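Read the structure below first, then the notes.
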Amino acid sequence: MAADLDPIDTTYFAEERAADLHVVGTSVQRADALGHVTGRTQFFEDLRLPDMLHLKMHRSERDHALLKSVDVSAALAVPGVVRVLTHEDVPSNWYTVLRLIGVEPNDQPVLPEDRVLWKGEAICAVVAETEAAAVEGASRVRVDYDDLPAVLDVEEALADGAPIIKPHGTNYFVYEGHHCRRIRFGDVEAAFAAADHIFEWRYQSSPIEHATVETTGCIVVPQPNGRLRIHTDTQACFFTLDNTALILETPFNKLQVVGGTVGGGFGGKVDVIVEPIACIAAMATNRPVKYVYNRLEEMQVSSPRAAERLVVKDGVMDDGHIIARKVTHFFEAGAYSGHSPYGVTKAAAHMPGPYSIPNVWADVHCVYTNRTPTGPMRGFGVTIADFALETQMDRIARALDLDPLELRLMNAYRDGDLKAHRKVTEGAALVEVIQRAAELVGHELPERYREMSSLTHEGVGV
């Protein structure tokens, strides 16, 4: 029967696909724009529920300390306070944000058991009838600390004799037995010896807060069938569901995550921080519970982009060809791993940037300090590295009196090039992007650079 069918005419489908490609170069209205500008968009805080409780945290006043005692009696005496939750109330007291992709060990407790590692770390949760009562109750918790030495700089954290702040015995994440993510490609030292010029500069960024208009939060509502409905502004509903279920030690189908509207995220709302403890409070009281950061908390304790420090050393020939690049990169995780081990892997894989350099050496360290745990922010692991690498390219161009775009074109990677992490480049288009950028700003390129292509290596030796 199949032999009797007419051949499929693909012309129609090709024309349909072409007709759909009309977005580039046009202004397209966002699907949610009308709701936003008319005030009809529903955010999780628009939910108003009878008997809803409010949750606030008592937070650490120390950078690094043992918890000798935590006295919650005064908090419980505040009118309206219903419960105070400590680590003993958490079924599985570990945040598990990277366990789902096989990155362990887990190192961040939901609520600390015997120590705090950063100023602002949540110690216990106060659940009350009103937000004001929860705030008052949290302020009355009394903690007796035994201070420990704090480490607040990445290079100091790695120095011999530095106080070790992590239970696994190092102030860095261990990658397959190594102290960092490593790239070894070619012979960097031999290339440095052969280079006409050596350029080495140092770059530093500070933590960057996402500063979203809507702060991080959720409302958890117990359901008659025993499930929990979680109204949240997370950027990652299923990620939140899976990790919360692991912490609660409950089947995944006992949770329902309602999200979809995020008042700004940029990566900062993929941390599963507020939902698990709000769920525990809802389970303990059988009432809806709201937990949302105030603006101070959002700025102090929500995970910022990591501070990063890079030392970039390049061996360069007189004509501008880079023959060696050595990068030492310190990526500050803060007190706990969070997403940082993954971000460091991204950073290492990005070396040496979008350039075909025959000799590359990179050590990218995931470093723990007694500062706020860091997390994703658009392009994390790559953005700050790109700032450093592209600034490096501009400084080389100035030092050698070369056009900065021509310097990039002669070193640009092309399809078929083997990257330093031993993946073949595909779909680069970097040459064409630089050419088009030059054209748009009226930057005249010599003909040999205008004729370059990412598909071939013609003109690379110019």
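Which option, [x] 30.9; [y] 26.2; [z] 23.6, is the value of mean projected area of the Cα convex hull in nm² that was calculated from these coordinates?
[x]
Can you report the principal axis dimensions of segment 46-147 using only the alpha carbons, biggest first, rounded to whole angstrom?
In descending order, the Cα extents are 41, 36, 21 Å.
Hey, what do the phi angles of segment 400-414 turn into as Karplus ³J(HN,Hα) couplings, whole Hz, using 6.51/-1.76/1.60 and θ = phi - 60°, x for Gly and Pro?
Whole-Hz 3J(HN,Hα) from phi for segment 400-414: 9, 6, 10, 5, x, 6, 5, 4, 5, 5, 5, 9, 5, 6, 10.
How would you rank Val292, Val126, Val70, going from fewest to most other Cβ atoms within 10 Å of each one's own Cβ?
Val70, Val292, Val126
Can you quote the Å³ per residue value for the convex hull of the Cα atoms in segment 217-300, rounded to an integer?
Expressed per residue, the convex hull around the Cα atoms of segment 217-300 is 90 Å³.
Among Ile384, Leu148, Met52, whose Cα lies farthest out toward the positive end of the dipole of the chain, if unit charges sit on the beta carbon of Lys, Arg (+1) and Asp, Glu (-1)?
Met52
Return Thr328, Thr130, Thr369 ranked ascending by Cβ neighbour count within 10 Å, so the fewest neighbours appear first.
Ascending Cβ contact count within 10 Å gives the list Thr130, Thr328, Thr369.
Taking the Cα centre as origin and putting +1 on Lys and Arg beta-carbons and -1 on Asp and Glu beta-carbons, what dipole magnitude results for segment 46-147, to the nearest 20 debye?
140 debye
Can you tell me the FRET efficiency between Glu156 and Gln29 if r is taken as the Cβ-Cβ distance and R0 is 35 Å, rounded to the nearest 0.05?
Once rounded, the FRET efficiency stands at 0.10.
Let me know the charge dipole size of segment 217-300 about its Cα centre in debye, to the nearest 20, where only the beta-carbon of Lys, Arg (+1) and Asp, Glu (-1) is charged.
Here segment 217-300 has a charge dipole of around 320 debye.
For Asp386 and Arg202, calculate 0.36 nm times their separation in residues minus their Cα-Cα distance, and state this gained length in nm to one decimal.
Gain on extension, Asp386 to Arg202, equals 64.9 nm.
Can you give the helix-only mean residue ellipticity at 222 nm for the chain, where every DSSP H stretch with n ≥ 4 adds -39500 (n - 2.57) and the sum goes over all residues, rounded to the nearest 500 deg cm²/dmol?
Value at 222 nm, helices only: -7500 deg cm²/dmol.
By count of other Cβ within 10 Å, fewest leading, how are Trp94, Trp361 ordered?
Taking fewest neighbouring Cβ atoms as first place, the list is Trp94, Trp361.
What net charge do the residues around Ile165 carry, taking every other residue with its C-beta under 10 Å from that of Ile165, with Lys and Arg at +1 and Asp and Glu at -1?
Computed value for this residue: +1.
Between Phe252 and Glu113, what FRET efficiency follows from the Cβ-Cβ distance if R0 is 22 Å, with the result rounded to 0.05?
It comes out at approximately 0.25.
Give me the base-10 log of I(q)/I(0) for segment 403-462 at each q in 0.17, 0.26 Å⁻¹, Debye formula, one uniform scatterer per Cα, rounded to two decimals.
For the requested q values the scattering log ratios are -0.53, -1.08.
State to the nearest 20 debye the size of the charge dipole of the chain about its Cα centre, where the only charges are +1 on K and R beta carbons and -1 on D and E beta carbons.
So the magnitude is around 1180 debye.
Throughout, read-outs are computed from the coordinates displayed, never taken from laboratory work. Bear in mind the structure is a predicted one, so any value in this text is a computation, not a measurement. Note that each Cβ is placed from the backbone with ideal geometry, even for glycine, and that neighbours are counted across all protein chains shown.
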